[in-house]
């Protein structure tokens, strides 16, 4: 805070004999709350891991995909920290060839969450999505002038972890960062509520 900085510089100047501390003995410095420091404290605020561990989650893995992990990670990182509906849109309209594998794994994980806990895709988010190295097959690589080398055919494993969205916590966290982020999470909460209401009406009709 600014008050602590004033005291620090006053003490340093008095040690070098440039300022007499007697002049400042009668001055009382009150600590004034700085809006910059309050904003930074809200931005760096994180919720406890216990509350996040209580949220329902699932993990789905697709193994033996004929692609390098680097190429698969290019698509996987596009869907991280997004809702399942937003991740569907990213993979459906992506021009990358491996987007369909990510979409299939997302749909499989969302179906598992719906069957196990009754959660809709609007109530889920992609907590983690990453690719790891699988088996590597060695093949002969024919080269020019009678030479040959070793060619590696790479396989990758895709892991997707979905987690239930805690909308009140997300909104409270976004309000300390940006009002646009808070508005986004409020809209997502409204969409999830409308989807839940529509699902309830369908169950009543059946």
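The values are calculated or read from the model by the stated rules, or taken from the named source; none is laboratory data. Bear in mind that the values here come from a model prediction, so they are computed numbers and not experimental data. Neighbour counts are summed over all protein chains in view; Cβ atoms, including those assigned to glycine, are modelled from backbone coordinates with ideal geometry.
Remarks
- Criterion violated by residue 74 - all others in (1) farther than 22 Å from residue 167 by Cβ; (2) modelled with pLDDT under 95 satisfied: (2)
- Filter result (surrounded by 15 or more Cβ atoms within 10 Å (Cβ to Cβ), out of contact with any helix residue (DSSP H, G or I) (no Cβ under 6 Å at 6 or more places or on another chain) and under 24 Å from residue 57 (Cα atoms)) within region 93-103: 101
- The number of residues in region 81-101 that are on the phi < 0 side of the Ramachandran plot and touching a strand residue (DSSP E or B) at 6+ places or on another chain (Cβ under 7 Å) comes to 5.
- Residue in region 171-206 that is surrounded by the fewest Cβ atoms within 10 Å (Cβ to Cβ), counting only those that are closer than 14 Å to residue 119 by Cα and touching a helix residue (DSSP H, G or I) at 6+ places or on another chain (Cβ under 9 Å): 194
- Residue match in region 133-156 (condition: touching a strand residue (DSSP E or B) at 6+ places or on another chain (Cβ under 8 Å) and closer than 21 Å to residue 110 by Cα): no
- Elements of type helices (runs of 4 or more DSSP H) in region 80-189, at least 3 residues being under 15 Å from the mean Cα position of the chain (by Cα) and in the same structural domain as residue 61 (by the TED database): 84-92
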